[in-house]
1. One residue is enough: does the range A:51-63 have a residue meeting the conditions within 14 Å of chain B (Cβ to nearest Cβ), surrounded by 15 or more Cβ atoms within 10 Å (Cβ to Cβ) and free of Cβ contacts under 8 Å to residues at least 24 places away in the same chain?
2. What single numbered condition from (1) β-branched (Val, Ile, Thr); (2) under 20 Å from A:Leu95 (Cβ atoms); (3) within 16 Å of DNA strand D (Cβ to nearest atom) fails to hold for B:Ile7?
3. When you go through B:Leu85, B:Leu95, B:Leu18 one by one, which is the residue that is more than 14 Å from chain A (Cβ to nearest Cβ) and not β-branched (Val, Ile, Thr)?
4. Quick one: B:Lys45 ticks every box in (1) surrounded by fewer than 18 Cβ atoms within 10 Å (Cβ to Cβ); (2) under 22 Å from A:Ile64 (Cα atoms); (3) out of contact with any Asp or Glu (no Cβ under 8 Å at 6 or more places or on another chain); (4) not aliphatic (A, V, I, L, M) except a single one, so which number is it?
5. Could you grab me the full set of residues in the range A:1-15 that are open to solvent by less than 80 Å² (accessible area, probe 1.4 Å), within 14 Å of chain B (Cβ to nearest Cβ) and part of a helix (DSSP H, G or I)?
6. In this structure, does B:Ile32 turn out to be away from every other protein chain (no Cβ under 14 Å) and either buried (at least 22 other Cβ atoms within 10 Å of the Cβ) or outside any loop (DSSP other than H, G, I, E, B) (or both)?
7. Looking only at the range B:31-70, how many residues end up being away from DNA strand D (no atom under 13 Å from the Cβ) and among the β-branched types (Val, Ile, Thr)?
8. Of everything in the range A:64-96 that's among the aromatic types (Phe, Trp, Tyr) and within 15 Å of DNA strand C (Cβ to nearest atom), which residue is surrounded by the fewest Cβ atoms within 10 Å (Cβ to Cβ)?
2 protein chains.
Amino acid sequence: METVGQIIRAKRESQGLLLRQVAAHLDIDQAILSKIERNERKPTKENIFKLSQILKLDKDELLIQFMSDKIAYEIADEDCASRVLKVAEKKVKYLRAHPIKS
Amino acid sequence: METVGQIIRAKRESQGLLLRQVAAHLDIDQAILSKIERNERKPTKENIFKLSQILKLDKDELLIQFMSDKIAYEIADEDCASRVLKVAEKKVKYLRAHPIKS
DNA sequence: TTATTACTTGACAATAAGTGTCAAATGTAA
DNA sequence: TTACATTTGACACTTATTGTCAAGTAATAA
């Protein structure tokens, strides 16, 4: 089971890129990228988009990894975690079928 | 599809309790509870626990509603929402099978 | 009508969480 | 050692969350 950080690091290294090079492209300090890769900090959505560009990763796939990481982390310590996901799925379907008029 | 707010309001009213009575039990201003019931603000976990006590709702069930609301809201506007949930489920299983030593 | 009661609204304050910079420390290899 | 990449932690800045308060609305009774 790969985390977003692991995916990013593996891809960056396989392309021979340095932290500072990639960080410069993201317009953040390399310290943050270092932490993102070790799952010490979470990337922003913006980070994810730019990372998928420079590392030639599929944008949607990386976004899915990013969001699923966030959710998994959020509920992992609840023993009702899997029910939460099931109910969330129903709610998402409902929300998409009944969009809010705004 | 009921929101947490709707569940709370329905139960509070069925018990003939006033906003200020329940809010006092939660140790928050009744304005907040009013907003929680109308889904204008999200309850904290602490709020959820105390609400389940005073309203005699199942604590786990209310927590599930609370967390699934949060997640559904978080991803509803992504078109990869259902994949996110599937991947999240895998990650949760993995995390629970491989707990972090701390 | 006025008074009372329950609830709602919005401006604001306090606090917590997220996001970032920087410089020093650590690791690694020539 | 020197040079370079990465890591670490203290700190600052910004944004989000959580709350208080007082004034507003709505419904009802006197």
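The values are calculated or read from the model by the stated rules, or taken from the named source; none is laboratory data. Quick caveat: nothing in here was measured; it's all calculated off a predicted structure. We place every Cβ from the backbone using ideal geometry, glycine too, and count neighbours over all the protein chains shown. Ligands, DNA and RNA are stripped out before the accessible areas are found, and what is left, the full protein with its side chains, is counted by its heavy atoms. Shrake-Rupley method; radii C 1.70, N 1.55, O 1.52, S 1.80 Å.
1. Among the residues of the range A:51-63, at least one is within 14 Å of chain B (Cβ to nearest Cβ), surrounded by 15 or more Cβ atoms within 10 Å (Cβ to Cβ) and free of Cβ contacts under 8 Å to residues at least 24 places away in the same chain, which makes the answer yes.
2. (3)
3. B:Leu18
4. (2)
5. Hits for the range A:1-15 are A:Val4, A:Gly5, A:Ile7.
6. When the stated conditions are applied, B:Ile32 passes them.
7. 2
8. Within the range A:64-96, the match that is surrounded by the fewest Cβ atoms within 10 Å (Cβ to Cβ) is A:Tyr73.
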